[in-house]
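**Student:** The following block contains the structure, expressed as structure tokens.
The values are calculated or read from the model by the stated rules, or taken from the named source; none is laboratory data. In this text the structure is predicted, and so the values were computed from the model without any measurement. All Cβ positions, even for glycine, are placed from backbone atoms using ideal geometry, and neighbour counts span all protein chains on display. Please note that ligands, DNA and RNA were not included when accessible areas were found on the heavy atoms of the full protein model with its side chains. Shrake-Rupley method; radii C 1.70, N 1.55, O 1.52, S 1.80 Å.
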Amino acid sequence: MSQAPKNLQTIESHILQMQKLHPSASGDFTGLLSDITFAAKIISREVNKAGLVDILGETGTENVQGEQVQKLDEYANNVFLKCLGTKGQVCAMGSEELADPIYVDTHEGTGRYIVVFDPLDGSSNIDANVSVGTIFAIYRRVSALDRVGEQDILQSGRELAAAGYVIYGSSTMFVYTTHSGGVHGFTLDPSIGEFLLSHENLKTPFEAKIYSVNEAYEPRWTPEVREVVRQLKYGRSSSSRQDAPTKGVDISSRYIGSLVADFHRNLLYGGVFLYPPTVSKPGGKLRLMCEAAPLAMVCANAGGYASDGTQDILDIKPETLHQRVPLYIGCRDTVLWIEKMLSSGGGGI
Ligand code: AHM
Ligand code: MG
């Protein structure tokens, strides 16, 4: 007997289906996710045209119509600001592109959500046609209705209501998770302008087969980080294994230098991404609120783990919107092992 074909599902219908699991839901959250998917479609369209920039006009200059051509990261940022909270769901926003948070003045001041985002991460790769991404984090408001402020923005990853990313690659994909769990991926069909469910309930492998790190920084790493990467490459010494032995695992190195693309590949294939502290960047490079924490939530809900080398990224309470953090993220076993290696001085456990 042949099986009935699987139904096609758009992201909108998937989000609505999830909403039904929460009968008391007002629809605000659903509307907000939908606004983000809309922004993603607009950014995707523009990223796809990036190769035409030299023909249509360089960024920062005037195009043939005499209009100012925006840099793509500025453009993506403006798209997010314009698309979010169209129904008054958002009370505050924080962007990697903006020094300060934006407090939204909805008519009633009742927006219940905060969105923190990196509108176009890895944008320095765009001229080489390398995949870039958007990362977003959604928090619930903690302040009283008339007093939205810093406390609403500066929440730890544990408080995230939802998080996700969009990757603008050979195809555009939207991946999100909520506090109820489950990581779901949707691929954009540009001909109909819809994100279609393509990766339901994503799970990442337990142990990494890929490590991703900018090895040119090795001279600037601490001896502990150097030892971690050495053992990832040559095999972990038996005393330092977390759980399952790694002998026989063929490890490969892949580094795009575009966080969403590196993270997404590792999530699917099983890998670990490292952005350790260096002498010149002792706090690391990546930002806790708009990069590390949302990806940490996606990773955790897919069965992985993210650490700053000493603790779960999700447990870090931010002190500032643009705080940086060292990041080790990916397969659970491997990241736990890295954490132990770093805390034991790199000499094994
Ligand atoms: P950006 O936010 O300025 O785009 O920088 C973040 C990017 C990440 O996408 C990537 O993982 C990292 O910078 C690469 O940094 P490096 O070139 O130091 O390896
Ligand atoms: Mg960034």
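**Student:** Express as a percent, rounded to the nearest 5, the fraction of DSSP beta bridges in the chain (both residues included) that run antiparallel. Could the numbers behind the result be given before it?
**Tutor:** On the way: 45 of 55 bridges.
Of all bridge pairs located within the chain, approximately 80 percent are antiparallel.
**Student:** Next up: Karplus couplings for segment 223-233 from phi (6.51 cos²θ - 1.76 cosθ + 1.60, θ = phi - 60°), rounded to Hz, Gly and Pro as x?
**Tutor:** Using θ = phi - 60°, the values come out as x, 5, 5, 4, 5, 4, 5, 4, 6, 4, 6 Hz.
**Student:** Can you list the HN-Hα couplings for segment 264-270, worked out from phi with the Karplus curve (6.51, -1.76, 1.60; θ = phi - 60°), rounded to whole Hz and with x for Gly and Pro?
**Tutor:** Result, ordered by residue: 4, 4, 5, 4, 6, 9, x Hz.
**Student:** Relative contact order, percent, of the chain when contacts are C-alpha pairs under 8 Å separated by at least 6 residues? Present the calculation step by step, with values, prior to reporting the outcome.
**Tutor:** Working: 725 pairs, mean separation 55.4, N = 349.
Computed over the chain, the figure is 16 percent.
**Student:** Now, a different point. Between beta-carbons, use under 10 Å as the cut-off and find the net charge around V260, counting Lys and Arg +1, Asp and Glu -1. Write down the numbers at each step before the final one.
**Tutor:** Working: positive: R265; negative: D118, D121, D262, E291.
The answer is -3.
**Student:** Distance cut-off 25 Å, Cα to Cα: go down the list K285/K317; K233/K317; K281/K317; K41/K82 and report the pairs above it.
**Tutor:** On the way: K285/K317 17 Å; K233/K317 33 Å; K281/K317 20 Å; K41/K82 13 Å.
Among K285/K317; K233/K317; K281/K317; K41/K82, the Cα-Cα distance tops 25 Å for K233/K317.
**Student:** Considering only protein heavy atoms, with the full assembly of protein chains and a 1.4 angstrom probe, order H322, H22 by accessible area, largest first. It would help to have the intermediate numbers written out before the result.
**Tutor:** Values: H322 45, H22 80 Å².
Reading off the accessible areas and sorting them downward yields H22, H322.
**Student:** Amide H neighbours of V104 under 5 Å, counting only residues 5+ apart in sequence or on other chains, H built in-plane at 1.01 Å?
**Tutor:** Distant-sequence amide H within range of V104: A92, M93.
**Student:** Sticking to Cα atoms, compute the Rg of segment 210-345 to one decimal and its Dmax as the biggest Cα-Cα distance, whole number, in Å.
**Tutor:** Cα radius of gyration and Dmax of segment 210-345 are 13.7, 43 Å respectively.
**Student:** Once the principal axes of the Cα atoms of the chain are found, what is the range along each, listed largest first in whole angstroms?
**Tutor:** Taking max minus min along each principal axis of the Cα atoms, the chain gives 59, 58, 51 Å.
**Student:** Take the alpha carbon atoms of segment 252-318, find their center, do the same for segment 3-40, and report the distance between the two centers in whole angstrom.
**Tutor:** 27 Å
**Student:** Quote the Stokes-Einstein diffusion coefficient, in whole µm² s⁻¹, for segment 11-199, based on the Kirkwood radius over alpha carbon pairs, a temperature of 20 °C and a viscosity of 1.002 mPa s.
**Tutor:** On the way: Rh = 17.4 Å.
In µm²/s, the coefficient rounds to 123.
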